[in-house]
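K.L.:
Quick one: the structure is below, questions incoming.
The values are calculated or read from the model by the stated rules, or taken from the named source; none is laboratory data. Fair warning: this is a prediction, and the values are worked out from it, not measured in the lab. Methodologically, a virtual Cβ is constructed for each residue, glycine included, from the backbone with ideal geometry; neighbour enumeration extends over all protein chains shown.
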Amino acid sequence: MIITVLSILLSLAYGASESKNAFDKSYPRDNTFCTIKGKVLELMIRGGTERIEPAERGYGELLFYRAPKKLPHLLPLRDFTSETYRLFLGVSPGCSKSHGYLLGSTFGILLRKENRPFPDKLAIQLFDVQTLAPLELVDTNYLADRALPYPEGFAFRHVSDVGASVGKVTIGGESYIHQQKGFPRWYAYTASGVKPLPDLTFEKFPLQKHFKSKDEFLELAGWNASALRFEKEVFHQAVSHKLRRQCFLLTDKIRPLTSTDAWKCHAL
């Protein structure tokens, strides 16, 4: 029993020493204060080099947390040499300058994991609500760029990286300026996991007002109710200033556009 207690104390002392050493030898990137059940916790992102490129601003390979009246403690990441994170900046109920949400018995602080040359991936650092003890760092493959409150969690927007491009397309014998990009879809993240939100995807779709109903939009977007997923990933938008007309189309993948594609058009 004495040996077990001694081992635990030595482990804690080593962890504290390791954290202090890493903190003293690193440099600040960004930080946020989060209020969890009336208790304040600070999450800090730090890096191992003093000078960085402008594109790397805010990113760091070291995450520290500090509970009230405690010293900073290093959070273990899986691979210090290749994984860097930054805060998922924005307004939320739980944190001062980043997104943070209650997820049942845990609290999640949202991060962006560097994924260059592609958009950042969503990551969530979890903490125990009662003790403020750090839990797992959840890495996802979602390219999230927006977030907002959702019952028992949060909602986020995922836009697939399909290779944005601009060119020309012919619709009804007329030439249009054509832009191709990812189709923005919304999902919920709760303690139960991730699920798609077709209603919010329709509500937040930039051209939502041009649909007669949500059902018409979901059909065009390839919503599969039984599989709970959208079959379409690519959003095509075409504009003719000559005709003062705009058209759009959703496809399941990048492919050559044809004269039989069912564009949905309206006046500008």
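K.L.:
Please enumerate the residues belonging to the range 87-122 that are hydrophobic (A, V, I, L, M, F, W, C) and surrounded by fewer than 17 Cβ atoms within 10 Å (Cβ to Cβ).
P.N.:
Matches in the range 87-122: Leu89, Val91, Phe118.
K.L.:
Give the number of residues within the range 216-240 that are in a strand (DSSP E or B) and more than 26 Å from Glu174 (Cβ to Cβ).
P.N.:
Summing the residues that are in a strand (DSSP E or B) and more than 26 Å from Glu174 (Cβ to Cβ) in the range 216-240 gives 4.
K.L.:
Further, regarding this structure: Hey, Leu148 hits all of (1) within 30 Å of Val234 (Cβ to Cβ); (2) more than 17 Å from the chain's Cα centre (by Cα); (3) without any contact (Cβ under 8 Å) to a residue 60 or more places away in the chain but one; which does it fall short on?
P.N.:
(2)
K.L.:
Considering each of Gln125, Gln180 in turn, give the residue that is buried (at least 18 other Cβ atoms within 10 Å of the Cβ), assigned to a strand (DSSP E or B) and outside the structural domain of Ser226 (by TED's automatic domain parsing).
P.N.:
Gln125
K.L.:
Okay, next question. Every residue in the range 142-193 that is hydrophobic (A, V, I, L, M, F, W, C) and closer than 19 Å to Gly90 by Cβ, please.
P.N.:
Leu143, Ala144, Ala147, Leu148, Phe154, Ala155, Phe156, Val159, Trp186, Ala188
The rows are residues; the columns are (1) without any contact (Cβ under 8 Å) to a residue 24 or more places away in the chain; (2) surrounded by fewer than 16 Cβ atoms within 10 Å (Cβ to Cβ); (3) over 23 Å from the mean Cα position of the chain (by Cα); (4) not in a strand (DSSP E or B).
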site	(1), (2), (3), (4)
Phe202	yes, no, no, yes
Lys212	yes, yes, yes, yes
Lys242	no, yes, yes, yes
Cys247	no, no, yes, no
Pro256	yes, yes, yes, yes
His266	no, yes, yes, no
